[in-house]
1. Taking residue 239, is it outside any loop (DSSP other than H, G, I, E, B), away from the ligand (no atom under 16 Å from the Cβ) and under 19 Å from the mean Cα position of the chain (by Cα)?
2. Within the group 157, 145, which residue is touching a strand residue (DSSP E or B) at 6+ places or on another chain (Cβ under 7 Å), free of Cβ contacts under 8 Å to residues at least 40 places away in the same chain, under 24 Å from residue 99 (Cα atoms) and within 16 Å of the ligand (Cβ to nearest atom)?
3. Residue by residue through the range 206-225, note down the ones that are touching a strand residue (DSSP E or B) at 6+ places or on another chain (Cβ under 9 Å) and not in a helix (DSSP H, G or I).
4. Return the residues of the range 134-181 that are part of a helix (DSSP H, G or I) and closer than 23 Å to residue 123 by Cα; say none if nothing qualifies.
5. When you scan the range 28-116 for helices (runs of 4 or more DSSP H) that lie fully inside it, which ones turn up with 3 or more residues that are at pLDDT 95 or above and farther than 15 Å from residue 231 by Cβ?
6. Of these, 191, 180, which one is surrounded by 15 or more Cβ atoms within 10 Å (Cβ to Cβ), more than 16 Å from the ligand (Cβ to nearest atom) and not assigned by TED's automatic domain parsing to the domain that holds residue 275?
7. Only one of (1) surrounded by fewer than 19 Cβ atoms within 10 Å (Cβ to Cβ); (2) within 16 Å of the ligand (Cβ to nearest atom) fails for residue 52. Which number is that?
8. Right, residue 170: away from the ligand (no atom under 16 Å from the Cβ) and touching a helix residue (DSSP H, G or I) at 6+ places or on another chain (Cβ under 8 Å) or not?
Ligand SMILES: [Zn+2]
């Protein structure tokens, strides 16, 4: 075991990493619930801020419309559908081009060889690059797909080719040609990105995402199951956080860990069955991987490596 002095910040920090690794190692099943904070921890804040990635891809839209984050562009009243689709195409293009963040790889290293399932409210499809489809449930949609805006039929359409073609055709007025606007092949209405909104299609694919979660829970509810919550904010607790709290409370061998730099909350009723780690997700996952890798190695060396990483971050800041 690590030797600890009393209650310094870094000791609490070590203890958190140790507990996380210990719970991961001894769980029979792990259900991960990841939300916006997971992508934010990769440095991707373009939905909420005009960060460097936003400027690179959507800087022209910032200049023309004053957007300071991609969400602004979703709800804006554009002068024409051609203008709206230019924005939607550029945003989806950004998401296709955006590299998978390191925390995603770190998480997958921690889950390697384990019995796990991942549910996410993220629509940026970062997870789809590192997780097999049967182990992933995107419960708020996935922006790689379009649906009919009138929901006239239950099908979603993979959009990569359309997105790249539309993006390529955006003109100096930030519009796409009218004939490129994606239309429903059945009723001719405009399509919409398949993401949570007024017209979100909760059809076969949507139900299938929940089927996968329910099957996983059914198979593992009596086992030592770990609910690992990553970056769920307080805006929409009903999708991941509250179900995780209720399940941890009611399942006999369940344990709950939340990692969140802002909103790591542990309800009083779960005080014996959970940990709240109020820290940066990317840091925690990276250090957990370091500790995990050295499972059989020299603990003193592991400790030094962790100290070196912490020192490095202090120097950067
Ligand atoms: Zn239609």
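1. Details: outside any loop (DSSP other than H, G, I, E, B): no; away from the ligand (no atom under 16 Å from the Cβ): yes; under 19 Å from the mean Cα position of the chain (by Cα): yes.
In short, no.
2. Values: 145 fails: free of Cβ contacts under 8 Å to residues at least 40 places away in the same chain.
Among 157, 145, only 157 is touching a strand residue (DSSP E or B) at 6+ places or on another chain (Cβ under 7 Å), free of Cβ contacts under 8 Å to residues at least 40 places away in the same chain, under 24 Å from residue 99 (Cα atoms) and within 16 Å of the ligand (Cβ to nearest atom).
3. 221, 223, 224, 225
4. At the first step, the residues of the range 134-181 found to be part of a helix (DSSP H, G or I) are 134-135, 160-168, 178-180.
Hits for the range 134-181 are 134, 135, 160, 161, 162, 163, 164, 165, 166, 167, 168.
5. On the way: elements: 36-40, 52-65, 70-74, 81-97, 102-111.
Helices (runs of 4 or more DSSP H) meeting the threshold: 52-65, 81-97, 102-111.
6. Going through 191, 180 in turn, the sole match is 180.
7. If we test residue 52 against (1) surrounded by fewer than 19 Cβ atoms within 10 Å (Cβ to Cβ); (2) within 16 Å of the ligand (Cβ to nearest atom), just (2) comes out false.
8. Details: away from the ligand (no atom under 16 Å from the Cβ): yes; touching a helix residue (DSSP H, G or I) at 6+ places or on another chain (Cβ under 8 Å): yes.
When the stated conditions are applied, residue 170 passes them.
The values are calculated or read from the model by the stated rules, or taken from the named source; none is laboratory data. This one's a predicted model, so the numbers in the text were calculated from it and none came from an experiment. Neighbour counts run over all protein chains shown; Cβ positions are idealised from the backbone, glycine included.
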